[in-house]
Amino acid sequence: MRKLSAGIFLIVLSTAQAQWNQISSQSEPSPNKGLEHRYLVVEDSNSGERASLEIAIFSTKSCRLRVIDQPSEPRIDLEDVMSRGNFLAGVNGGYFDPDYRPIGLLLVDGTVIAPLQKARLLSGVLTASAKKVQISRVAEFSLAQKPEAAVECGPMIVDLGKSVRGLEANKIARRTFAAVAGGDKAALGFCSDVTLADLSSILAIVTIPDFKIQRALNLDGGSSSAFWFKRANGGAFSISEQKPVRDFVTIVPR
């Protein structure tokens with residue numbers, strides 16, 4: 001009887017796994033025609049729980065990525081950084097230790113600030129060159145590609161257009177991520193409290209015109225998570241981080 005009960009319990013757990021569906025999508029423009037802000041709401045059909053996403057989608061023909069580093073104090077928040085330059089959108093960047101030293105590769109304006117590291121969590125590298133944004137697995141990456149900016153982070157949460165299996169499925173937190181689609185499209189995004197496994201499933205099913213995510217990389221989440229977008233009217237939409245961070249990944253005009 002005990003073995004039978006355990007089997008039934010496992011069946012119940014497997015059928016209770018989240019089944020995410022997109023239930024709404026809204027878009028707003030930016031001052032740059034190659035960039036838009038998408039607000040999405042998804043729902044777990046099993047539990048009825050919802051999550052929201054803020055995604056800045058851009059064309060590499062009109063925009064480029066730039067990494068902003070804060071090696072020393074005072075470390076200001078994303079909103080303040082964005083207000084001091086010609087920025088269109090941004091999120092927090094990669095991992096850092098308690099002394100604010102970067103964990104993993106950090107490359108800013110062509111200069112290596114911190115080297116590539118081999119660690120299970122650091123499974124991917126977001127890079128930007130003159131005309132291209134890429135997300136590569138660490139084994140695929142080479143500085144010979146001469147990127148202008150790079151952040152090593154992880155885990156990979158979408159690969160080949162599909163969710164990645166085996167991701168952490170218990171810890172709920174705010175999340176930030178980078179994503180690339182076919183052609184010249186890439187994105188930076190924020191998601192309300194979900195697990196990494198949930199975020200992977202969500203990004204694999206979201207439907208956005210002309211933007212099918214092929215790869216997505218998790219950035220530093222939780223209290224570091226932040227999102228900022230410059231609206232067409234000159235105002236801004238902003239979600240602030242809850243603690244200072246080392247670096248930011250931003251979108252700027254080409």
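Where does helix 196-205 land angle-wise versus the long Cα axis of the chain, in degrees 0 to 90, nearest 10?
The helix 196-205 is inclined about 80 degrees to the chain.
What whole number of Å gives the distance from the Cα centroid of segment 70-135 to the Cα centroid of segment 172-237?
About 16 Å separates the Cα centre of segment 172-237 from the one of segment 70-135.
Net charge near Val158, counting Lys/Arg +1 and Asp/Glu -1 over other residues with Cβ under 11 Å of its Cβ?
Summing Lys/Arg as +1 and Asp/Glu as -1 gives +2.
Just subtract the alpha-carbon distance of Asp109 and Ala130 from 0.36 nm times their residue separation and send over the number in nm, one decimal.
Values: separation 21, 0.36 × 21 = 7.56 nm, distance 1.10 nm.
That pair, Asp109 and Ala130, stretches by 6.5 nm at full extension.
May I ask you to list the trypsin sites (Lys or Arg not before Pro) in segment 139-186 that are in a DSSP loop and have at most 16 other Cβ atoms within 10 Å of their Cβ?
Numbers: sites: Lys162, Arg165, Lys171, Arg174, Arg175, Lys185; in loops: Arg165, Lys171.
Within segment 139-186, the qualifying trypsin sites (Lys or Arg not before Pro) (loop, at most 16 other Cβ atoms within 10 Å) are Arg165, Lys171.
For Asp184 and Gln117, what is the calculated FRET efficiency with R₀ set at 41 Å and r taken between the beta-carbons, to the nearest 0.05?
Computed FRET efficiency for Asp184 and Gln117: 0.85.
Taking the Cα centre of segment 140-196 as origin and charging only Cβ (+1 Lys, Arg; -1 Asp, Glu), how large is the dipole, in debye to the nearest 20?
Here segment 140-196 has a charge dipole of around 180 debye.
How large a share of the accessible area of the chain, in percent, is made up of carbon and sulfur atoms when the probe is 1.4 Å and the other protein chains stay in place?
Summing carbon and sulfur atoms, their accessible area is 51 percent of the total for the chain.
For segment 68-119, give the magnitude of the charge dipole about the Cα centre (Cβ charges: +1 Lys/Arg, -1 Asp/Glu; no others), in debye to the nearest 20.
On the way: 4 positive and 8 negative charges, 44 e Å.
So the dipole magnitude of segment 68-119 works out to roughly 200 debye.
Using label points projected 7 Å from each Cα along Cα→Cβ, tell me how many nm separate Lys243 and Glu79, to one decimal.
The answer from the label model is 2.0 nm.
With point charges of +1 on the Cβ of Lys and Arg and -1 on the Cβ of Asp and Glu, referenced to the Cα centre of segment 94-138, which listed residue (Ser136, Leu126, Leu106) lies farthest in the positive direction of the dipole?
Farthest towards the positive pole: Ser136.
Just to be sure I understand the curve: with the Debye formula and one point per C-alpha of segment 7-152, what is log10 I(q)/I(0) at q = 0.10, 0.11, 0.20 Å⁻¹?
The Cα Debye sum returns log10 ratios of -0.51, -0.61, -1.24.
With +1 on each Lys and Arg Cβ and -1 on each Asp and Glu Cβ, and nothing else charged, work out how big the dipole of the chain is about its Cα centre, in Debye to the nearest 20.
With only Lys, Arg, Asp and Glu charged at Cβ, the dipole is about 660 debye.
So what's the net charge close to Leu116: Lys and Arg +1, Asp and Glu -1, counting the other residues with Cβ under 15 Å from its Cβ?
+3
Give me the accessible area per residue for the chain, probe 1.4 Å, as a whole number in Å².
Per residue, the chain has an accessible area of 49 Å².
Taking GluC sites (Glu not before Pro) that fall in a DSSP loop and have at most 15 other Cβ atoms within 10 Å as cut points, what is the longest piece of the chain between them?
50-167
Find which of Ser52, Ala149, Ser224 sits farthest along the positive direction of the dipole of the chain, computed with +1 on the beta-carbon of Lys and Arg, -1 on that of Asp and Glu, about the Cα centre.
Ala149
In degrees, nearest 10, range 0 to 90: what is the angle between the Cα axis of helix 2-15 and the longest Cα principal axis of the chain?
40
Among 68-74, 119-125, 212-218, how do they line up by average Cβ neighbours within 10 Å per residue, starting with the highest?
212-218, 119-125, 68-74
Which pairs in the list Lys33/Lys131; Lys171/Lys212; Lys61/Lys118; Lys61/Lys162; Lys132/Lys171 are over 23 Å apart, alpha-carbon to alpha-carbon? Don't skip to the end; give the middle numbers.
Values: Lys33/Lys131 17 Å; Lys171/Lys212 27 Å; Lys61/Lys118 32 Å; Lys61/Lys162 26 Å; Lys132/Lys171 33 Å.
Among Lys33/Lys131; Lys171/Lys212; Lys61/Lys118; Lys61/Lys162; Lys132/Lys171, the Cα-Cα distance tops 23 Å for Lys171/Lys212; Lys61/Lys118; Lys61/Lys162; Lys132/Lys171.
The values are calculated or read from the model by the stated rules, or taken from the named source; none is laboratory data. What you see is a predicted model; the values in this text were computed from it and never measured. With ideal geometry, Cβ positions are generated from the backbone for all residues, glycine too; neighbour counts draw on all protein chains shown. Just the protein is used for accessible areas: all its heavy atoms, side chains included, with ligands, DNA and RNA removed. Shrake-Rupley method; radii C 1.70, N 1.55, O 1.52, S 1.80 Å.
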